[in-house]
Amino acid sequence: MNPKTWLVPKENKNERIDKWLAKAMEASRTAIQQWIDDGHVLVGGERVKSNYKLQAGDSIDVNPPVEEPLGIRPEAIPLDVRYEDDDLLIVNKARGMVVHPAPGHFTGGTLVHALLHYTDALSDINGELRPGIVHRIDKDTSGVMVVAKTNHAHTRLVEQLQTRALSREYRALVHGNVAHEEGTIDAPVGRDPRDRQKMTVTDVHAKEAITHFRVLERFSNYTSVQCRLETGRTHQIRVHMNYIGYPVVSDPKYGKRKAMLISGQALHAESLTLVHPRNGETCTFHAPLPSDMVQLMENIRRTD
């Protein structure tokens, strides 16, 4: 993106700069906030914070960070595409697949590598590392994801994530017999100070995290639950279920390490509901349980 300058009109007085710029540039609010924090956004030549309230006539200079070419090459990796139109793709991500490359980890085999081979139409709001990526699923969690093919669709979908109009439901197999038929876990999640690779329930530098759960099937030592995310924090379901005493089966970070029944946590993004960015219709997309989770529960039923 090239440097840009705006003069704030009177009708936008008192709006937050991050919110206003996200709309003006058709960029994600998260990206704009990072640019502001890194000094790529100036008001009257001075740095401001993301919550700065605009004044009529403010001169905003935006000089987006220059991204070095990474040479991410398309790879012919099979994709389970559940739906596609001119605006979006719905894919069923396989367990074990990383969603996108990251600094220091540019190896192939990610969903982005597969998407670049599948289509030339992907939004570029998030740069070369994450074309089309609106949200993520953990490497060892499978399930349904939405991918934006245009910047307009990307912006609208991010707005839905922020307003919680986009909802996701997961299926999980957890250890123990969950005490209640349904419930809500409202506990803030932040980085674990003892292990920076993990998240935990904490009040220190944490963000609001809300998970709704409902029991689907009970076994002697396990419970199949449906979890609906109201917020989307890193490892949220895994952290929350462990927090209330029912860790996800085969979770290498938060579960019982001596009880690894499948490769990766028994957690699957089963459905995703969104408002279509073009026609405004509410759409729900599904992805079937992976075969290893199906087989695992069948084995438990037989021996229960």
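The values are calculated or read from the model by the stated rules, or taken from the named source; none is laboratory data. Just so you know, these numbers come straight off a predicted model, no measurement behind them. Methodologically, a virtual Cβ is constructed for each residue, glycine included, from the backbone with ideal geometry; neighbour enumeration extends over all protein chains shown.
Within segment 155-163, identify whether any single residue is more than 13 Å from the chain's Cα centre (by Cα), under 21 Å from Cys227 (Cα atoms) and not acidic (Asp, Glu), and answer yes or no. For segment 155-163, residues more than 13 Å from the chain's Cα centre (by Cα), under 21 Å from Cys227 (Cα atoms) and not acidic (Asp, Glu): present. For segment 202-242, the set of residues classified as within 21 Å of Ser142 (Cα to Cα), among the acidic types (Asp, Glu) and part of a loop (DSSP other than H, G, I, E, B) consists of Glu230 only. When Ile72, Ile36 are checked against the criterion of being touching a His at 6+ places or on another chain (Cβ under 8 Å) and not assigned by TED's automatic domain parsing to the domain that holds Pro290, Ile72 stands alone in meeting it. Taken across segment 120-141, residues that are modelled with pLDDT of 95 or more, in a strand (DSSP E or B), within 20 Å of Tyr254 (Cβ to Cβ) and over 11 Å from the mean Cα position of the chain (by Cα) do not occur at all. Scanning segment 85-104 for residues that are modelled with pLDDT of 90 or more and surrounded by fewer than 15 Cβ atoms within 10 Å (Cβ to Cβ) returns Asp85, Asp86, Gly96. Exactly one residue among Ser28, Ser50 is hydroxyl-bearing (Ser, Thr, Tyr), out of contact with any Pro (no Cβ under 7 Å at 6 or more places or on another chain), at pLDDT below 90 and surrounded by 17 or more Cβ atoms within 10 Å (Cβ to Cβ), and that residue is Ser28. For segment 128-155, the set of residues classified as crowded, with 22+ Cβ neighbours inside 10 Å, without any contact (Cβ under 8 Å) to a residue 40 or more places away in the chain and under 17 Å from Arg168 (Cβ atoms) consists of Ile133, Val134, listed by residue number. Considering the conditions (1) modelled with pLDDT under 90; (2) within 21 Å of Ala56 (Cα to Cα), Asp18 is excluded by exactly one of them, (1).
Could you tell me how many of the residues in segment 202-223 are touching a residue at least 40 places away in the same chain (Cβ under 8 Å) and touching a helix residue (DSSP H, G or I) at 6+ places or on another chain (Cβ under 7 Å)? Counting residues in segment 202-223 that are touching a residue at least 40 places away in the same chain (Cβ under 8 Å) and touching a helix residue (DSSP H, G or I) at 6+ places or on another chain (Cβ under 7 Å) gives 2. The set of residues from segment 30-63 being farther than 14 Å from Pro3 by Cβ and either in a strand (DSSP E or B) or more than 25 Å from the chain's Cα centre (by Cα) (or both) comprises Val43, Gly44, Glu46, Arg47, Val48, Tyr52, Lys53, Leu54, Gln55, Ala56, Gly57, Asp58.
Quick check: is even one residue across segment 145-157 of a type in the set (Lys, Arg) and at pLDDT 95 or above? Scanning segment 145-157, I find at least one residue that is of a type in the set (Lys, Arg) and at pLDDT 95 or above, so the answer is yes. Assess whether Lys23 counts as being surrounded by 13 or more Cβ atoms within 10 Å (Cβ to Cβ), without any contact (Cβ under 8 Å) to a residue 24 or more places away in the chain and among the charged types (D, E, K, R). The answer is no for Lys23. Scanning segment 161-201 for residues that are part of a strand (DSSP E or B), surrounded by 15 or more Cβ atoms within 10 Å (Cβ to Cβ), of a type in the set (D, E, K, R) and free of Cβ contacts under 8 Å to residues at least 40 places away in the same chain yields one hit, Arg191.
Put simply, of Gly280, Gly264, Gly245 the only residue that is out of contact with any Asp or Glu (no Cβ under 8 Å at 6 or more places or on another chain), part of a loop (DSSP other than H, G, I, E, B) and within 30 Å of Tyr83 (Cβ to Cβ) is Gly280. Could you look through segment 241-284, keep only residues that are surrounded by fewer than 16 Cβ atoms within 10 Å (Cβ to Cβ) and in contact with a Gly (Cβ under 9 Å, 6 or more places away or on another chain), and pick out the one that is modelled with the highest pLDDT? Among residues in segment 241-284 that are surrounded by fewer than 16 Cβ atoms within 10 Å (Cβ to Cβ) and in contact with a Gly (Cβ under 9 Å, 6 or more places away or on another chain), the one modelled with the highest pLDDT is Gly245. The set of residues in segment 1-20 that are surrounded by 13 or more Cβ atoms within 10 Å (Cβ to Cβ) and either in a loop (DSSP other than H, G, I, E, B) or of a type in the set (A, V, I, L, M, F, W, C) (or both) comprises Met1, Trp6, Val8, Lys13, Glu15, Ile17, Trp20.
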